[in-house]
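Written out below as structure tokens is the structure these notes cover.
The values are calculated or read from the model by the stated rules, or taken from the named source; none is laboratory data. Please read these numbers as outputs of a predicted model, since none were measured by experiment. We place every Cβ from the backbone using ideal geometry, glycine too, and count neighbours over all the protein chains shown. Just so you know, the surface numbers come from the protein's heavy atoms only, side chains and all, with ligands and any DNA or RNA stripped out. Shrake-Rupley method; radii C 1.70, N 1.55, O 1.52, S 1.80 Å.
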Amino acid sequence: MLWGRGLSGFLFAMVAAAAASAAPPEPEHGNRERGKTVFEACNGCHQVGAGARHGIGPHLDALFGRRAGSLDGFRYSSAMRRRGKDGLVWDAATLDRYLQKPRRMVPGTRMSFRGLSDKRAREDLIAYLKAATASAPASNPSAPSPPRPEIGGAAMAIEGDAAYGEYLAGECVTCHQRSGRTDGIPSIVGWPREAFIRALFEYKSNVRRHQVMSMMTANLGNEEIAALAAFFSGLDPQ
Amino acid sequence: MTALTRRCFGMLAGAGVASLAAPSFLRAQGAPHVVIVGGGAGGATAARYIAKDAGEAINVTLIEANPQYTTCFFSNLYLGGFRSFASITHGYDTLAANYGITVVNARATAIDRQARAVRLADGSRVAYDRLIVAPGIDLIYDSVPGYSEDATGIMPHAWKAGPQTQLLKSRLDALEDGQQIVIVPPPNPYRCPPAPYERASVFAHVLKAKGHTGSRIIILDPKPKFSKQALFSEGWEKYYPGMIEWYGPDVHGGIKGVDPAAGTVETDFDTFHGALVNVIPAQRAGRIARDAGLADDSGYCPIDPASMRSMMDENIFVLGDAAIAGDMPKSAFAANSQAKVAAMNVRGDLIESKVFPARYANTCWSLIETDDSVKVGAQYAPTAEKIASTSSFISQTHEASEVRKTNYEESLGWYAGITADIFGA
């Protein structure tokens, strides 16, 4: 853990040094405060800061200088792992390209985000990420998790029946492919159980707004949601 | 597998083998046999789910006349030039190779309910313990006087995807500026309620893209209103002003008939000429279901809302467009949803696997113009009388273009998802 952090920090320093030596220092375009607001579209899936863990997406601590698809304990798409092996490393330039249109830069990524076409918004977001992730707050694992509103608590407490979940999943896999492939509809395969339960409750309560999902979750009770979470969290993306 | 279920399906298998006339189809000796007639959205899904969930405990045979299946859903996108024909055509190889389903490429001609066997065009018989009937629709050609099967080469219906769809596209693409299209939609109930109007939209898209601003699309509807009407009307005005004219029966007074040779549609109000006339006649359950006595006077097949089991025969389930599914529309999404309920009940019958309460859903996306797609959807639950809608939504007029674009991308995702769910991936 410590070693990993040290290496990430080292890589970050290297990348920063390389950038500094190869070109005149990049002026800081982005505005961190505005970037924090932009990040609200991301934080349903990605955690940063003290105690950040993998959720639906990988945590972003020590992001800059990190090889793509390289963190332990997160089930990346094979496309993302391949890009990492081929040398993709996250920095301001690669993030800018990726965030503009993720599926164009990494076809097959399971990140369900269409992209940020607004250049300034990307600069703001990257400035925020640089500040929020480079301080490597994961170095303090004993720090409490960031407070998250209580949601889906009753379903969280139920041990989901995966067999029931598999039957109920018939409703989901008409659109969300069981293989984990995405072709315009997000993958829901292999999400952490808590993240899955949380997402369904957020659709059910219209915290997340989507016509189809709010309809599909309207008739799901705690048992059903727990069952679906048990089933989908147990699947591995192909 | 528990000892109980093993003993149980062993007992049933005895009955199955006794009545089996074509044991060459058998995969696992002694396992009960499910036969599915029709390899569309309902039938193929049912085959895959039974085979996937029961493994070798049930033998599954899928009988389908066509070696490849072109989906009616998304065929309007092919007409509009948004998709290739190949991209909406699917084979059965994965179902056979990965799920052990016996795919019989033959036409099923009759069901012998007494003997529990399906007769094929070559005279051979396939015995079943449970039968799933998913033949889709038959067109009632003479519901439009003057129209006939022979006339479909001149006035294509393209309501069953395949050569008819290709013919309609070639006719559309050959139109010259100023030439008129006439569409005669079907009366209710019919396959895919918004589709005639999505079709008008993609026709207009093609004409507009070619600069054929002098062309008109006339819709002579036997119905006083139609699916997603406010959304289509708004879209037509926005994208194709003056190009699409829709007339309900209060204006045209009734469709009196068509003259294929003259290219005309006669109504009480006037006679309309089209360089292309797209006649979509009235519909009913596929013939094999009606001949087997599974349909009622409506021409469609009544089912038990909780299981999709035929009200006429407890060994038979009817799915998709052929069934009377209460509030559910006749759509691929609905058929796929019903298939999972039927598959679960078939397994419950034959190997006593657990049967959960039925749940049904449907969503239909319709493309109005590039990157502008609208949707309607509902969830359903069985009541004593019918499959009843429990919650629903529909796109709103005046929505942001970003919302509509997201809808379109979602529809592409749905197509990839449902075809993987139907044909295997």
Specify the residue that is nearest to the other protein chains (Cβ to nearest Cβ); the eligible residues are those in segment B:336-355 that are of a type in the set (D, E, K, R) and over 14 Å from B:Arg48 (Cβ atoms). B:Lys354
Of the numbered conditions (1) within 22 Å of the chain's Cα centre (by Cα); (2) in contact (Cβ under 8 Å) with a residue 40 or more places away in the chain; (3) more than 25 Å from B:Ala161 (Cα to Cα); (4) surrounded by fewer than 23 Cβ atoms within 10 Å (Cβ to Cβ), B:Ala282 satisfies every one except a single condition; which is it? (3)
Which one is nearest to the chain's Cα centre (by Cα), of the residues in segment A:16-39 that are at pLDDT 90 or above and open to solvent by 100 Å² or more (accessible area, probe 1.4 Å)? A:Lys36
Going by what's in this entry, would B:Ala416 be described as open to solvent by 30 Å² or more (accessible area, probe 1.4 Å), within 12 Å of chain A (Cβ to nearest Cβ) and under 21 Å from B:Thr70 (Cα atoms)? no
Check on A:Ile185, of a type in the set (A, V, I, L, M, F, W, C), surrounded by fewer than 19 Cβ atoms within 10 Å (Cβ to Cβ), modelled with pLDDT of 85 or more and closer than 22 Å to A:Phe231 by Cα: no
Just to verify a result, which residue in segment B:359-398, among those that are of a type outside the set (Val, Ile, Thr) and away from every other protein chain (no Cβ under 13 Å), is farthest from B:Ala200 (Cα to Cα)? B:Ala384
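Table: residues versus (1) of a type in the set (D, E, K, R); (2) within 18 Å of the chain's Cα centre (by Cα).
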site	(1), (2)
A:Val189	no, yes
A:Ala195	no, yes
A:Ala199	no, yes
A:Glu202	yes, yes
A:Arg208	yes, yes
A:Met215	no, no
A:Ala218	no, no
A:Gly221	no, no
A:Phe231	no, no
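Yes or no, residue by residue, for (1) free of Cβ contacts under 8 Å to residues at least 40 places away in the same chain; (2) among the basic types (Lys, Arg):
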{"residue": "B:Asn59", "(1), (2)": "no, no"}
{"residue": "B:Asn76", "(1), (2)": "no, no"}
{"residue": "B:Thr89", "(1), (2)": "yes, no"}
{"residue": "B:Val103", "(1), (2)": "no, no"}
{"residue": "B:Arg107", "(1), (2)": "no, yes"}
{"residue": "B:Leu120", "(1), (2)": "no, no"}
Going through segment A:190-223 one residue at a time, which ones are buried (at least 19 other Cβ atoms within 10 Å of the Cβ), within 14 Å of another protein chain (Cβ to nearest Cβ) and touching a Ser or Thr at 6+ places or on another chain (Cβ under 6 Å)? A:Tyr203, A:Lys204, A:Val212, A:Met215
Would you point out the residue of segment B:34-87, among those that are buried (at least 22 other Cβ atoms within 10 Å of the Cβ) and of a type in the set (D, E, K, R), that is farthest from B:Ala289 (Cα to Cα)? B:Arg48
Please go through segment B:368-411 and give me each residue that is touching a Phe, Trp or Tyr at 6+ places or on another chain (Cβ under 6 Å), among the hydroxyl-bearing types (Ser, Thr, Tyr) and crowded, with 20+ Cβ neighbours inside 10 Å, ordered by number. B:Ser373, B:Tyr380, B:Ser411
Can you name the number of the only condition in (1) touching a helix residue (DSSP H, G or I) at 6+ places or on another chain (Cβ under 8 Å); (2) closer than 21 Å to B:Thr45 by Cβ that A:Lys204 fails? (2)
In the list A:Arg81, A:Arg75, A:Arg66, which residue meets the criterion of being among the basic types (Lys, Arg) and closer than 25 Å to A:Thr37 by Cα? A:Arg66
What are the residues in segment A:164-180 that are more than 7 Å from chain B (Cβ to nearest Cβ) and either at pLDDT below 90 or within 24 Å of A:Arg103 (Cβ to Cβ) (or both), if any? A:Cys172, A:Arg178, A:Gly180
In segment B:326-335, is there at least one residue being surrounded by fewer than 24 Cβ atoms within 10 Å (Cβ to Cβ) and at the interface with another protein chain (Cβ under 10 Å from one of its Cβ atoms)? yes
For helices (runs of 4 or more DSSP H) lying entirely in segment A:184-238, having 2 or more residues that are within 17 Å of A:His54 (Cα to Cα) picks out A:193-204, A:222-233
Residue hits (segment B:404-413; more than 7 Å from every other protein chain (Cβ to nearest Cβ) and free of Cβ contacts under 8 Å to residues at least 24 places away in the same chain) are B:Thr406
